[in-house]
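The values are calculated or read from the model by the stated rules, or taken from the named source; none is laboratory data. Computed from a predicted structure; not experimentally measured. Heads up, the Cβs are rebuilt from the backbone with ideal geometry, glycines too, and the neighbour counts pull from every protein chain shown. Side chains are part of the model used for accessible areas, which takes the heavy atoms of the whole protein and leaves out ligands, DNA and RNA. Shrake-Rupley method; radii C 1.70, N 1.55, O 1.52, S 1.80 Å.
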Amino acid sequence: MSEQRDNQQMSGGEALVKSLEHEGVESIFGYPGGAILPVYDPIIDSSIRHILVRHEQGAGHMAEGYAHATGEPGVAMVTSGPGATNIVTPLADAMLDSVPMVCITGQVPVPAIGTDAFQECDTTGITMAVTKHNFLVTEAQDIPRVIHEAFHIATTGRPGPVLVDIPKDIVDPTNPRSDMNWYAATDADMELPGYSPQMEGDRELIRQAAELIRDAERPVLYVGGGILKARAAEALRELAEMVQIPVVTTLMARGAFPDSHELCLGMPGMHGNYTAVTAMQESDLLISLGARFDDRVTGKLDGFAPTAKIIHVDIDPAELGKVRQFNVGIQGDCRLVIEGINHAMRELGGADAQVDRSAWRSTVSGWQENFPLTYEQSAPGDKLKPQYVIEELRDGNPADTIVASGVGQHQMYASQWWQFDHPYTWINSGGLGTMGFSIPAAIGAKAGRPDSRVWAVDGDGCFQMTAQELVTASVENIPIKVALLNNSYLGMVRQWQEMFYEERYSEVYLQERVPDYVKWAESMGCAAIRVEAPEEVAPAIEKANEINDRPVVVEFVTDAGENVFPMVPAGKSNSDVVVDPTQAHLLEGES
Amino acid sequence: MAEKFHTIVTTVENKPGVLARVAGLFSRRGFNIESLAVAPTDDERFSRITFTVDVETAPLEQVVKQLNKLINVVDITELDPDEAVSRELMLITVSADSAHRKELMELVDDWRAYVLNENSEQIMLSFSARPDRLAEFEEKLRPFGIAEIQRTGRVALKSLAD
């Protein structure tokens with residue numbers, strides 16, 4: 001059919017860039033190299049902004065941050081061999097957190113594939129298990145179709161990363177194998193006979209779900225990252241308010257339902273707050289929407305929510321029944337299914353037809369009253385409490401500030417102590433738990449949302465993994481702000497060694513004054529501030545917010561002995577949640 | 001016939017790498033594929049993969065769901081052994097000196113095997129049957145001396161309705 005079109009003769013390299021433009025790509029995070037060189041030449045003349053990263057891992061996490069913040073697929077482009085292997089971690093990260101992302105990798109010329117050529121690796125083989133799908137393109141003429149398919153697969157159904165491996169000869173204009181006719185590929189050109197995600201939920205199952213909800217005495221809405229992927233936050237709010245059922249938002253769903261809402265119980269799971277954990281545990285109906293019963297949420301599985309019936313809604317049929325058997329399992333897009341449930345609830349009589357849940361409401365608010373999140377303020381002269389720093393950050397920034405976090409204690413403090421009232425303002429690595437995620441993810445988010453304020457909340461271990469991307473941020477004028485919680489330790493590992501390894505600390509101390517984060521940040525073109533006393537915290541944040549011509553790093557020197565509570569120890573039931581030591585005596589009355 | 005194995009039949013796109021994707025979902029869980037047969041269907045865009053695995057039912061269900069998620073997998077079914085017809089082909093080269101040749105040929109006739117190739121010392125046979133019958137025939141031939149053997153892996157189709 002391409003003969004009837006306004007075809008344009010060009011090289012595969014030009015075609016690749018033109019196809020990316022055709023897909024609406026505005027930014028590419030990338031790093032050139034030998035095999036991808038012919039694609040970098042037409043980039044000069046393209047409308048697409050290319051952001052030159054300092055390490056390919058940075059390109060991948062930036063593409064993820066961009067996708068989290070904008071809802072549009074993030075795009076990364078790297079060369080063959082080490083370029084490709086360096087981006088494997090972000091691909092795995094995007095796979096576990098269902099992040100729409102397209103990654104273009106260069107490859108050695110087709111005749112050289114499989115010969116151990118310079119900078120050759122089996123990229124599609126290596127990334128098979130960490131992508132939703134990948135392609136090796138061997139003919140230039142296939143480029144428009146494959147690029148369209150890649151974006152289609154990455155953004156529909158359960159979103160995820162798609163990799164397109166492009167051998168050099170099919171994009172090199174000096175090679176006749178790169179000659180091709182470019183055309184604007186559409187859905188009609190796709191050749192994907194095995195791919196058609198089911199969006200609509202089954203009506204009968206939706207009605208059954210509505211009846212279960214109507215009759216439940218102790219229901220909880222358990223919402224996951226799928227709510228955000230499906231743009232379902234409004235539909236969720238309508239449901240929660242109509243049926244007056246409390247909501248827990250998982251680590252991937254923070255912001256999908258406002259923390260300030262009276263029905264919001266906050267985060268469940270290993271470091272969830274007591275009320276969220278216990279409400280799920282005591283519930284008679286868990287309404288799971290776009291969540292996957294991750295082990296960090298359920299704790300020991302056979303002790304999880306023992307009396308709860310389960311409604312499980314997910315776009316991915318492989319999630320239904322994977323971990324916990326459901327009573328009603330609905331495959332479909334979260335937004336469409338929730339809208340269907342809302343409709344069915346109204347047909348069943350809406351709020352008036354509900355079971356009386358006043359006893360459940362007062363039980364839940366009793367827990368909220370007795371077990372709020374808490375920590376002890378530092379004594380004069382002692383190091384900063386990390387929770388205090390997050391509280392000051394929260395209070396010193398507008399509610400729609402985007403927060404991107406690394407992985408560890410600081411991630412949990414940020415999720416616990418920030419107040420998330422808007423969807424798409426919380427970006428973190430939930431499934432893979434990738435240290436070093438925050439700085440590149442924050443840069444990607446800021447590139448996609450230049451008018452939003454973006455704070456990276458980072459730890460010192462994480463910072464040392466990907467700090468070089470602050471050079472990218474400086475040079476490319478992407479002024480993110482970094483709150484570096486420096487406790488000189490791998491804090492979460494230290495906490496586990498304290499609690500579960502008899503305080504035998506093995507390889508968790510990172511040194512106190514090396515590196516000098518202020519000098520390091522300044523050398524990368526950032527403004528830098530070190531904060532050691534509580535009264536300096538708010539002014540430093542204010543000062544950081546006034547600097548918008550370059551990135552800012554604020555190093556907060558925090559208390560290394562602080563632990564994240566509450567905590568459900570790994571392998572324990574959620575009924576064995578360990579609360580803050582100051583609340584422990586209250587638990588005796590509960591069990 | 002007591003079936004230890006599950007038989008999975010998938011229709012996949014006839015493209016490079018598809019078999020590796022399918023196999024990868026088993027190998028990542030440490031599951032062994034017991035037998036495997038792949039060939040194009042009547043529509044050359046698609047291939048049919050028939051494989052048997054020795055896996056508990058619950059993890060298998062999860063693998064089947066994951067297989068279904070593969071972009072190149074068009075269709076997947078687990079065949080109930082009671083509602084399927086399965087066959088496997090075996091090529092086998094057996095010693096056949098003059099002393100035992102007559103006895104061997106009687107066995108070949110009884111079992112409806114075919115002679116594909118022969119010389120004064122050996123005979124190569126083709127035998128196609130239900131997979132469990134292949135093992136039985138192999139045991140019958142063993143006393144003669146088996147030089148080489150190759151089985152194709154089973155193929156299966158759903159039984160016709162009454």
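Descriptive notes on the structure:
- Candidate set: the stretch B:1-22, residues that are closer than 18 Å to residue B:85 by Cα and assigned to a loop (DSSP other than H, G, I, E, B); chosen: the one modelled with the lowest pLDDT: B:1
- Residue satisfying all of: in the stretch A:386-432; among the hydroxyl-bearing types (Ser, Thr, Tyr) and either at positive phi or open to solvent by 30 Å² or more (accessible area, probe 1.4 Å) (or both); nearest to the chain's Cα centre (by Cα) among these: A:424
- Single unsatisfied condition, residue A:126 versus (1) within 14 Å of chain B (Cβ to nearest Cβ); (2) buried (at least 21 other Cβ atoms within 10 Å of the Cβ): (2)
- Some residue of the stretch A:500-511 being over 16 Å from the mean Cα position of the chain (by Cα) and crowded, with 24+ Cβ neighbours inside 10 Å: no
- Take the conditions (1) away from chain A (no Cβ under 14 Å); (2) under 25 Å from residue B:23 (Cα atoms); (3) out of contact with any Ser or Thr (no Cβ under 7 Å at 6 or more places or on another chain); residue B:162 misses just one of them, which is (2).
- Within the stretch A:499-527, residues that are farther than 27 Å from residue A:566 by Cα reach partners that are of a type in the set (Asp, Glu) and open to solvent by less than 100 Å² (accessible area, probe 1.4 Å) with beta carbons closer than 6 Å, at six or more positions or on different chains, in the pairs A:517/A:555.
- Every residue from the stretch A:362-385 that is under 16 Å from residue A:280 (Cα atoms) and touching a residue at least 12 places away in the same chain (Cβ under 8 Å): A:363, A:364, A:367, A:368, A:371
- Of everything in the stretch A:61-94 that is β-branched (Val, Ile, Thr) and within 21 Å of residue A:156 (Cα to Cα), the residue that is least open to solvent (accessible area, probe 1.4 Å) is A:75.
- The residue that is most open to solvent (accessible area, probe 1.4 Å), among those in the stretch A:539-574 that are in the same structural domain as residue A:439 (by TED's automatic domain parsing) and part of a helix (DSSP H, G or I), is A:546.
- Wholly enclosed strands (runs of 3 or more DSSP E) of the stretch A:282-332 bearing at least 1 residues open to solvent by 10 Å² or more (accessible area, probe 1.4 Å): A:309-314, A:328-331
- Failed criterion for residue A:237 (all others in (1) touching a residue at least 60 places away in the same chain (Cβ under 8 Å); (2) in contact with a Phe, Trp or Tyr (Cβ under 8 Å, 6 or more places away or on another chain); (3) open to solvent by 10 Å² or more (accessible area, probe 1.4 Å) hold): (1)
- Residues in the stretch A:16-50 that are open to solvent by 60 Å² or more (accessible area, probe 1.4 Å) and in a loop (DSSP other than H, G, I, E, B): A:26, A:31, A:44, A:45, A:47.
- Of all residues in the stretch A:333-364, exactly one satisfies the criterion of being open to solvent by less than 50 Å² (accessible area, probe 1.4 Å), among the polar types (S, T, N, Q) and not in a loop (DSSP other than H, G, I, E, B), namely A:342.
- Of the residues contained in the stretch A:297-315, none is found to be at pLDDT 95 or above, within 14 Å of chain B (Cβ to nearest Cβ) and in contact with a helix residue (DSSP H, G or I) (Cβ under 6 Å, 6 or more places away or on another chain).
- Looking across B:141, B:91, B:104, B:134, one residue alone is part of a helix (DSSP H, G or I) and closer than 30 Å to residue B:21 by Cβ. It is B:134.
- Scanning the stretch B:61-88 for residues that are open to solvent by less than 30 Å² (accessible area, probe 1.4 Å) and away from chain A (no Cβ under 13 Å) gives B:79, B:84, B:86, B:88.
- Scanning the stretch A:196-215 for residues that are surrounded by fewer than 19 Cβ atoms within 10 Å (Cβ to Cβ) and either within 14 Å of another protein chain (Cβ to nearest Cβ) or assigned to a loop (DSSP other than H, G, I, E, B) (or both) yields A:196, A:197, A:198, A:199, A:200, A:202.
- Test set (1) within 13 Å of chain A (Cβ to nearest Cβ); (2) in contact with a Ser or Thr (Cβ under 9 Å, 6 or more places away or on another chain) - residue B:113 fails condition number: (1)
Conditions (1) over 20 Å from the mean Cα position of the chain (by Cα); (2) at positive phi; (3) of a type in the set (S, T, N, Q), marked per residue:
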| residue | (1), (2), (3) |
| --- | --- |
| B:38 | no, no, no |
| B:43 | yes, no, no |
| B:59 | yes, no, no |
| B:63 | yes, no, no |
| B:71 | yes, no, no |
| B:78 | no, no, no |
| B:82 | no, no, no |
| B:112 | no, yes, no |
| B:126 | no, no, yes |
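- Test result for residue A:247, under 26 Å from residue A:580 (Cα atoms), outside the structural domain of residue A:404 (by TED's automatic domain parsing) and surrounded by 20 or more Cβ atoms within 10 Å (Cβ to Cβ): yes
- Search result, residues across the stretch A:131-153 that are within 11 Å of another protein chain (Cβ to nearest Cβ), open to solvent by less than 30 Å² (accessible area, probe 1.4 Å) and assigned to a helix (DSSP H, G or I): A:149, A:150, A:153
- Lone unmet requirement of (1) at pLDDT below 95; (2) within 26 Å of residue B:125 (Cα to Cα); (3) not assigned by TED's automatic domain parsing to the domain that holds residue B:119 for residue B:25: (2)
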